[in-house]
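All remarks here apply to the structure that follows.
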Amino acid sequence: MSLTLKLLTIISLLSISTFAKPATTIDEKVIKYEKKRIASNSRYKLQDISIYLKQEIPLKGWTGYVLQLSLNINGKDVKIKDTLFTNGTAISQELKNVKNGKSYKDFLSPEMPESYYDDEHFIAGNKNAKNKIVIFSDPLCPFCIDYVPEVINHVNKNSKNIALYYYHFPLLRIHPASDTITKAMIVAHKKGIKNIVSKIYSAQFEDNFEADETNQQKILDAVNKVLKTNITLNQISSNKIAEQIKKDQQLASNMLIEGTPSIFINGKVDKSRRKFEEIK
């Protein structure tokens, strides 16, 4: 179990609670409640807490909060985000639609800053286009393998009107082999190799190795064959490559992304993953 999951499990005293004392604002009530939860465990020391995101959700009277927490856990500094919902008199960590079982957390998403539209992540279309599409993906995610090429093809057919950006978000717990692939993709990009994402997603790596493969050389051999490169283990082990992946993961975290593929269209998350078809 991850440190974040352990933390949220341990400090979760009640799944839903009422506010004990009045506060000046609802925001203050939420902060006070979270501080009380954290203080219930002596191993956790709260260093800072702030409201990262506050949005109304499609449930009358309820608002979702994403809190940014800076904690010290047994001497280690940790930063995590936690989600709460409130209607002003009650508060809950989770809120689901009784008809379809979907979590209202899915409705919480910040507006994407324009800084995400940079040259480093641009892969197709027209950089100056009004319409911007951003994808966060894992090259071994089964759904992504079909989905990402579909989006790329659509952008290529409408290249004057769309700019497409790709961010690395390998899910290493379930696809360890994605680590080597992702690092090789970054190295290839720096070498000026074209159409890297399209080539990788159409490679059918399952013929060469499983998603849980940990033999880096075996994985790299398959990638080199697809990209027609001679990338080495030494090159993908560079600190700069690791920093690039870490940066992409942080940018994904800032957008509250937890899975793949995640797609943003003109700054807004598209949970349906189909709105790109409307842009032509």
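A short reminder: the numbers here are calculations on the coordinates, not readings from a lab. Remember, it's a predicted structure, so these values are computed and weren't measured experimentally. Neighbour counts run over all protein chains shown; Cβ positions are idealised from the backbone, glycine included.
Applying a DSSP loop filter and a limit of 13 other Cβ atoms within 10 Å to the trypsin sites (Lys or Arg not before Pro) in the range 116-186 leaves Lys127, Lys130, Lys160, Arg173.
What the pair-distance distribution of the range 114-278 shows, using all Cα-Cα distances binned every 10 Å from zero, is 10, 42, 37, 11, 0 percent.
With the charge dipole of the chain set up from +1 on Lys and Arg Cβ and -1 on Asp and Glu Cβ about the Cα centre, the Cα lying farthest toward the positive end among the listed residues Leu171, Cys141, Met112 is that of Met112. Taking Lys and Arg as +1 and Asp and Glu as -1, the other residues whose beta-carbon sits under 14 Å from that of Asn158 total +3.
Each Lys and Arg contributes +1 and each Asp and Glu -1, all at the Cβ; summed about the Cα centre of the chain, the dipole is approximately 560 debye. With θ taken as phi - 60° and the Karplus curve 6.51 cos²θ - 1.76 cosθ + 1.60 applied, the whole-hertz 3J(HN,Hα) list for the range 194-207 is 9, 6, 4, 4, 4, 5, 5, 6, 9, 6, 6, 5, 4, 6 Hz, x standing for glycine and proline.
Each residue of the range 35-43 is assigned a 3J(HN,Hα), and the resulting list reads 4, 5, 4, 5, 5, 5, 10, 5, 6 Hz, derived from the Karplus form 6.51 cos²θ - 1.76 cosθ + 1.60 (θ = phi - 60°), x at Gly and Pro. All other residues whose Cβ lies under 14 angstrom from that of Ser198 are scored, Lys and Arg at +1 and Asp and Glu at -1, for a net of +2. For the range 155-171, the Karplus equation 6.51 cos²θ - 1.76 cosθ + 1.60, evaluated at θ = phi - 60°, returns couplings of 5, 5, 6, 10, 5, 6, 10, 9, 10, 10, 10, 10, 10, 6, 9, x, 8 Hz by residue, with Gly and Pro reported as x.
Within the range 243-272, the trypsin sites (Lys or Arg not before Pro) that combine a DSSP coil assignment with at most 13 other C-beta atoms in a 10 angstrom radius are Lys271.
Under 5 Å from the amide H of Glu213 lie the amide H atoms of Ala177, each residue being 5 or more positions distant or on a separate chain, with H modelled from the backbone and absent for Pro and chain starts. Summary: within the chain, the longest segment free of GluC sites (Glu not before Pro) located in DSSP loops with at most 16 other C-beta atoms within 10 Å is 112-209.
Only helical runs count toward this figure. For the chain, summing -39,500 (n - 2.57) over DSSP H runs of n ≥ 4 and dividing by all residues gives -9500 deg cm²/dmol at 222 nm.
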